[in-house]
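See structure below.
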Amino acid sequence: MSAADLPIEEIMDCALAEDLGKGDVTTEALIPGLQQGTGFIVAKQEGILAGAGVAKQVFQRVDTELEVELLLEDGARVEPGSKVAKVIGSIASILKAERVALNFLQRLSGIASETDRYVARVEGLPVRIMDTRKTTPGLRLLEKYAVKVGGGKNHRMNLADGILIKDNHLAALGGQGLQIKEIVARARRNSPRQLTVEVEVATVSAALEAVGAGADVIMLDNMNLEDMRQAVELIAGRALVEASGGITLDNVWAVAETGVDFISIGALTHSSRALDISLELESS
């Protein structure tokens, strides 16, 4: 699926309304409405492109007569000077759409590029890099798409996608005297359909308790490397194992070497730096 296939019209309309307000007073005061030109979207640094289709839709949302040619597709590796797209038509329309189109393109390309860096760091090991729900409100669909473009895997898209019993669930039910085995059983009994059951744990003993309770996935939360390795060895394939918390580019290889199946990283979406991309205009 490309970004152009995502149901994002409402997201684009909100972004354009936010930026345009009552109109682009600078452009309207200076640029004749009939003046035509060509703009090139150009990468200023190395990275992975994501959101080119979104940028195209933004330009055409502002003016359906703008001609937008994508010169590179999402997933392409760009270098400084790489031309991403060509936009032809009303200069006023190009300028009105420019900032929103670039905001999407820079943000999504930054996420894809950061994901690519993590994926490259664990190349050769049988582990998958995953995102989390720590996304920009309203942009989750796009940001998780960018993670996939960068070679990562999506965790839950929303709270309906799977059962993840976290520390606060355990605390709330533990206060009623329930153990992990009983909590997992309750989750399976009360879920509307057969969903994957994952349990977040902070100790090796809790990990083994969750496996014994029949959890499908065990999330090792902020565990040190020695405990992670021990947990993986003792779980011995009876459940999938996810590492989470405190993962950086400096330690992701060591975490992957413990034998976990997945590594989830909130920073892919909440802390990725935007890729430097600009629009260069040529007047006709």
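Since every read-out is calculated from the coordinates, none of them should be taken as a lab result. Bear in mind the structure is a predicted one, so any value in this text is a computation, not a measurement. Here the Cβ positions follow ideal geometry from the backbone for every residue, glycine too, while neighbour counts run over all protein chains shown.
Brief remarks follow.
- A simple rule links phi to the HN-Hα coupling: the Karplus curve 6.51 cos²θ - 1.76 cosθ + 1.60 with θ = phi - 60°, which for the stretch 52-65 gives 4, x, 5, 4, 4, 5, 4, 4, 7, 6, 6, 8, 5, 8 Hz, with x for Gly and Pro.
- In the stretch 13-85, trypsin sites (Lys or Arg not before Pro) in a DSSP loop with at most 11 other beta-carbon atoms within 10 Å: Lys22
- Ordering of 110-122, 129-141 by packing is 110-122, 129-141, highest average first (other Cβ atoms within 10 Å, averaged per residue).
- Here the stretch 121-270 is treated with +1 on each Lys and Arg Cβ and -1 on each Asp and Glu Cβ, and its dipole about the Cα centre works out to around 680 debye.
- GluC sites (Glu not before Pro) lying in DSSP loop within the stretch 1-79, provided at most 14 other Cβ fall within 10 Å: Glu46, Glu65, Glu73
- Residues Leu72 and Thr248, FRET efficiency given R0 of 30 Å [Cβ-Cβ distance, rounded to 0.05]: 0.50
- For the chain, the residue among Leu281, Gln57, Ala171 whose Cα projects farthest onto the positive side of the dipole built from Cβ charges is Ala171.
- Tilt relative to the chain, helix 9-20 - C-alpha long axis, 0 to 90 degrees, to 10: 50
- Think of the chain as a dipole: +1 on every Lys or Arg Cβ, -1 on every Asp or Glu Cβ, centred on the Cα centre; then among Ala187, Leu105, Ala207, Ala187 lies furthest on the positive end.
- Applied to the stretch 268-278, the Karplus parametrisation 6.51 cos²θ - 1.76 cosθ + 1.60 on θ = phi - 60° returns per-residue 3J(HN,Hα) values of 4, 10, 8, 9, 5, 7, 4, 6, 6, 9, 9 Hz, with x for Gly and Pro.
- Couplings for the stretch 168-183, taken from phi via the Karplus curve 6.51 cos²θ - 1.76 cosθ + 1.60 with θ = phi - 60°, read 6, 5, 5, 5, 5, 7, x, x, 9, x, 7, 9, 4, 4, 6, 5 Hz in order; Gly and Pro are left as x.
- The magnitude of the dipole of the chain, with charges of +1 and -1 set on the Cβ of Lys/Arg and Asp/Glu and taken from the Cα centre, is near 700 debye.
- Distances between placed amide hydrogens fall under 5 Å for Ala85 paired with Ile41, Leu71, all partners being 5 or more residues away or on another chain.
- Helix axis angle, 140-149 relative to the chain longest principal axis, alpha carbon, degrees: 90
- Distance from the stretch 145-172 to the stretch 1-70 (C-alpha centre basis), Å: 31
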